[in-house]
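Worksheet for the structure shown next.
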Amino acid sequence: MPPKRSDDHSLKRSRDKTPHRGRQESPERGRSQRRNSRESPQRRQRDASPPDSSCRNAAPRRSNTRREFQVPMTPHSPTPTKKIKPSSGATSSSRANESPMDTSTSTLRRSSRLSSDSDSMTSMMTSRQSEMRNTGILRDDGPRLPRRDSSRPRNAVHFGDQSRVRDSSSRRDKKESTSNRKKSIQRDPSSSRFECASTANRDHSRERDSSSRPDKKESTSNRDQSRPRKSRRDEIAPPASRNRSRSRTSRNDHGDGPSGGASKLPKTSTRPSRAVSRVQPDRRSKSKPKGPEIRADVSTSDNKFTSNRNRSLSPSPSPKSSRGKSSHRSRSQKPRKHKDEVSFEETIRKVHEHSIDWFTKCCIVSMYKRMDKNDLSVDVRRILDRLERDVEETDCCSAKIPVPVRNKATTTDDYRMLDKHINNLVLSVKRTGATSAPFDAKYPKGPTYTGDTFIDPSTTSAADIIEAAGNMLETGRNTIHETLDKTRMRNLISETTGALKSDVKFFEKYRQRDDIRPSQGHLPVAVYEIETNSEDDILLLKESLRAASVAVVRNACAVFKLDVDRFKLDEVTLINPNVFVDVARQIPQPTSSNYHIRNYARQTDEENWAAYLYTHEVKITELAQYHQNVETLSKRALERIIESPSTHETVLRHLSGELKSVQIPLPRNVKADRDAMAIAFGTNIDIPNGPAYAALNKEIAKLPEFVQPVGRKTFWAYVNDKLLGVNSMQVYYKVPGVRTFPHLENGCLASVNINIGMGECIWFCVPMEFAGKLQELAREMIGIKNGESIFVRGFWPVVKCCLDAGIPLVKFIQKPGDMVVVGPGTYHWVQSNEITSHIAWNLARGTFTQLAAVAISNDNYLSNQYTPMIPIEPIIWGVTVESRLKRDFRRLLKHLLCRSLFNAKVEEGFVYAKKYTLKNVNEKPNLLAVERCQMSRCGTVLFNTIPCDKDGIVTCYECLARRGLLDMKTEIVVYIRHDIYELEDKYDEFINKRE
């Protein structure tokens, strides 16, 4: 995966904008940042000097010093220092350029002078504060900056025996005096402001080190009783200068940055920074500030965020930590924050408030659509219609097509016009060039089905294939087919075909029946309206559905007479009330946003693609109670609005609180934002084929055979394999806001989804020819690196990003009673905007396109380190018994059988080489017809050779190698399902069969 783009849609956080956790700021970057601020030329000259020269002038650090609140010399943060008159700028420059060899002499000279003036400085500070207070510079009408009691040494014990005072107070006073004497005032004539040229980094570092000392139990009461101290800067700076400087920055509650995210503070780290506390007025309130206030922040930059994409990964500081551990921010920066911008915590709170408000409106609208609107008053209908418009989706488009269909789709015989591209992947024979490929694997890894073959399977006998497999074990050269190209197969098909233009031309014929021209890039969906269940109409419907990437059958439940009440949650709960089901926890939101239940990484931007959910198990009775509470509260609130329309806003606020109070508790290991509402999505609830659920499966049998989970002409008719949700039904119970992330069905199979009521769902689909392009874009947007699987990462695409990348979208509404049929290889994602339920399963159509899609997806899974679920080898060997097959299907089957036979011989040779114990599959009666590896997170399908460890656990060869058991021949037993000669006879019989 190439590195993520740094364009507008990229989620990559720029290094020079985002303070990443644990990153240490380089001295060059910090020095450059200081120079970019509005500083005096004298200070820039001083900063250009060697850093060690000034640091060596500092007093030695001591381990018993502790941090106290010190205020830098800025107009907002005065510090009582001894007044030092600069002498023509020579003093500061001489100190800045002082040689390291003269540091000891200068330190001794300053130490002797400061020790003699320690008493006079104390009296001077007291008198200066009194003078400033009388002139109004130091105000007495507001909160005070905590200050240590001047009568108590810093290292004194503040409890118990008051006589336990350490003898380092004199050294501390000398150090503090030395630090203050080293500061000089420089005038910037261009800005008419005074800048403080001091060794700030050294002082900040000393304070940071002293804050981590063990003697931290200074009494907070003594500090709160003191007043803030003013600096010389306020003594001599004019009021106008102070006001200008004060207006150049704006702070929020916790020292965060602008609205909707972390502070815009680049080049910083969450590690302890060199910082001091500051005093500045509180400009958040509408009234005048009454006094100074302690603030905490880090250094800033002139870069401004235009969105929330470049947020910090570090958590926001709490108010408590920001008052105790402050950090430095340059006062010479321009103001970057608008007065209405709020902190990150405030943004998260508003996000969840909007989420709950949207969920409440959707619940009301869901109940409103079930009512007879003619019985409502005009005022009530106006209010409820406005709520419906607030949650209405845009760009949903459909073309209503009556059955029988008069106009045949042009892609009926050639699915999405992809036959040519499919042939290049699975039917290509290499005529020239190399005649073999290297094989250096230490164990068999299963067959692959894409890439060129070196032989023509239609004319190659089984004996030649078996001989080639034997030679490969000796020479290490594969003379049958190429090795899997994982770079090529990492993404699915991404080809430009004429299917898109064909769709537009086809839908134009039904333009008069519906508005089929939404925003540019959106495609309509074909909605087939069938009125009868006659055999002729069903055949026409079958042909139309197989040609479409996605289609809707309107009112399918009524046409096929399904009893949808049997699938209601209450009815299913009565069958087995003790069963545990999976629930996915998300926050409710419109389809246009993508916020998270836990914004620990500050990923609140609605243009983020990365999406997360938490899944845990609950009893089905608890899920049923939750759904019942949501419906009951929503109905009650709707009744109150009907009775008193003027109080609808109060009713909505009250309903929001009630809906939040009835939510299912989250597990203890799941952390969510305090204000988040975690809705519950009852997902993938299996309906097995047992007698308890016979009534539900009987309803599915009313559907046409070509849309049933297991039909006579599907691939499941040739293999006895039960895959939950694939060839069996699953139920989904939804509330407004639950989502199913973008996905392909297992093996790129087709699928059926029926809305059994009583609400609507929003669907997004991408045709098969654009599936690879969507995968590539998703990798870039969510930051999937090379070697990572896209199938284990959830994402929610941004519509604009897809359209800008040239990926068309099909967005439509699935109404209650509608059946959606999704074609092979179609990416789709779904969101429910109302309270509803669905049933769904996969379709394994016995067509050339479907079999080729399964083969291509098998290699796509392997290229993404993902285990294929579809048992393609048992299927293709089972289909060989059919005599009437289409020509293209038969040709594809030969290619797949050739590779499978070759792999079966390689596995057998590997077993003999390792001298494993061989047994017939009948000697292990508990083996399934389709066996899979039973190791955790594996599930590899094992066709002909089935290895088992000494405990009888089925384990694939890769898991044996991972466990270090490949060479343990006494602990491995391999069961053979088919003799190699049996497979050879089946292959030759099928090859020689007349078409």
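The numbers here are math on the coordinates, done by the rules we state, and not lab data. Just so it is clear, the model here is predicted, and its values are computed rather than measured. Glycine gets a Cβ as well: all are built from the backbone with ideal geometry, and neighbour counts include every protein chain shown.
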Pairs over 31 Å Cα to Cα, from LYS914/LYS986; LYS373/LYS509; LYS915/LYS986; LYS660/LYS722, come to LYS373/LYS509; LYS660/LYS722
Classified through the alpha carbon gyration tensor (a ≥ b ≥ c as square roots of its eigenvalues; rounded if a/c is under 1.5, else prolate when a/b is larger than b/c, else oblate), segment 870-917 comes out prolate
For LYS350 and THR475, extending 7 Å from Cα along the Cα-Cβ vector and measuring point to point gives, in nm, a value of 7.1
Sorted by chain and then number, the residues having a modelled amide H within less than 5 Å of the amide H of VAL738, at least 5 places away or on another chain, are SER832
With +1 at each Lys and Arg Cβ and -1 at each Asp and Glu Cβ, the charge dipole magnitude of segment 719-861 around its Cα centre, to the nearest 20 debye, comes out at 160
For ASN478, other-chain or 5+-apart residues with amide H closer than 5 Å (H placed, Pro excluded) are ALA437, PHE439
Quick shape check on segment 442-488: root eigenvalues a ≥ b ≥ c of the Cα gyration tensor, a/c under 1.5 is rounded, otherwise prolate if a/b tops b/c, else oblate, and it reads oblate
Stretched fully, the stretch from THR459 through ASP385 gains (0.36 nm per residue minus C-alpha distance, one decimal, in nm) 19.8 nm
Pairs over 24 Å Cα to Cα, from LYS400/LYS713; LYS635/LYS811; LYS619/LYS702; LYS671/LYS734; LYS445/LYS950; LYS894/LYS969, come to LYS400/LYS713; LYS635/LYS811; LYS619/LYS702; LYS894/LYS969
For segment 858-954, averaging the sequence separation of alpha carbon pairs under 8 Å that lie six or more residues apart and dividing by its residue count, the contact order in percent is 31
Note, segment 814-826: 3J(HN,Hα) by Karplus (6.51, -1.76, 1.60, θ = phi - 60°), whole Hz, Gly/Pro = x, goes 9, 8, x, x, 7, 10, 9, 10, 9, x, x, x, 9
Answer in debye to the nearest 20: the dipole magnitude of segment 370-483 about its Cα centre, from +1 Lys/Arg and -1 Asp/Glu charges placed on Cβ, is 220
Summing +1 per Lys or Arg and -1 per Asp or Glu among the other residues with Cβ less than 12 Å from THR836's Cβ gives +1
Distance in nm between LYS800 and LYS993 label points, each 7 Å along Cα→Cβ, equals 5.6
